[in-house]
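A short worksheet on the structure shown next.
The values are calculated or read from the model by the stated rules, or taken from the named source; none is laboratory data. Remember, it's a predicted structure, so these values are computed and weren't measured experimentally. Every residue, glycine among them, receives a Cβ derived from its backbone with ideal geometry; neighbour counts consider all protein chains shown. All accessible areas refer to the heavy atoms of the entire protein, side chains included, with ligands and DNA or RNA removed. Shrake-Rupley method; radii C 1.70, N 1.55, O 1.52, S 1.80 Å.
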Amino acid sequence: MTLAKRALPHERTSRRATSAEVAKLAGVSRTTVSLVLNDRGGELGISAETRARVADAAARLSYQPSHAARSLRRWRTNVIALLLYTLDSFYNAEIIGAAHAAALERGYSLNIMSAKFDEVHRRAYSLLSGGVADGVIVAAPPADLAVDLKKLAENGMPIVVMQHHSPDPALQAVRVDLERGGYVATRHLIDLGHRRIAHIGSASQRLLKRRERSDGYARALEDAGIAADPHLVAMAEPSLAGGFSAMEELLAQDERPSAVFVYSDQMAVGALHALHKHGVRVPEDMAVVGFDGIALGGFVTPELTTVDYSRADIGRLAVEAVIGRLEGGAELPREQVLPVRLLVRESCGGVRTVPDGEGA
């Protein structure tokens, strides 16, 4: 059942919503709200439809029952929620596997869910306010979610941001040094003699309001005295199809680039397919460097040069950070930043591997 769209209390005032308002919006009693949000609705025969309606109303009102108070009553699900934008990704598959293993090892279950950018706010509140998780890991949250995540953290909910900077001191983060990775990849192409270097970026960067891989690309060009050319930058959805379409856009130019740094390996594989389709040899006619180091890059022809780092460490460290907050473990730094390295293969035409500390 879909709730009718109408003005909500939290849209008119900054005060905290009440359980009575949740009950009114959901069309149920306050007792039902209490039972559902304390995860007792199922055992007492409250229908799945009603439970969903209550969770939806709580999410829309940003209703925050005190998680700290629940902990005092020893209320615990032993569930950690992992909120991703897509599950259809080679990259996320490696993170999920490591996160799942780390959670099981510590006696927790992992609830893996996907949500588009415009759904993150609602889904996060549904998970947390609905009492279905003890802590949550949010992958690359949009900037406008930071305030709400901070409020939830201040209310006692352990929240870890993954694949992004911490938007607030109250939130821990596990991320990769993306800017340095973009710099090292582009610098390698420059060292190989390329001057007309294109960049395929992700359109989602505009929503995240951070473009670190692209910033690294731009800084490498500037340090080498190469003027940035906006015509050499193509933005697309971060997918195989997005990489394919962005490369076709670059190939349509009168003066083609001789090399390209691509936002992700998945996009780079799509770009390689476009190059093959148009008879462009790699790396003889165009050198290609990807980013992420996923296993797929080693099984394409030519093998893909990439910026590599441990995807498994991202998932493991994020889960350990949440559990540490739940169980009072050792204090972790606000941000845990994973290093990168350039893994040189066939697609760039290079022969040397750049050590971790070089080029930054």
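Once each part is reduced to its C-alpha centroid, what is the distance from region 151-210 to region 237-251 in angstrom?
Cα centroid to Cα centroid, the span is 20 Å.
Using a 1.4 angstrom probe on the protein heavy atoms only, could you order Lys277, Lys150 from most to least accessible area?
Lys277, Lys150
Using protein chains only and a probe of 1.4 angstrom, how many square angstrom of Thr86 are accessible, to the nearest 10?
50 Å²
Based on alpha-carbon atoms only, what is the radius of gyration of region 265-328 relative to the globular estimate 2.2 N^0.38 Å?
My calculation over the Cα atoms of region 265-328 gives 1.61.
Where q = 0.14, 0.15 Å⁻¹, what log10 of I(q)/I(0) comes from the Debye formula for region 142-260, counting one point per Cα?
-0.68, -0.75
Please express the Cα-Cα pair-distance distribution P(r) of region 152-202 as a list of whole percents, one per 10 Å bin, running from 0 to the bin with the greatest distance.
For region 152-202, the binned pair fractions read 21, 33, 20, 17, 8, 1 percent.
Based on the Cβ-Cβ distance from Asp285 to Ala170, what FRET efficiency comes out when R0 is 56 Å, to the nearest 0.05?
0.65
How big is the Kirkwood radius of region 217-339, worked out from every pair of different alpha carbons and given in Å to one decimal?
16.5 Å
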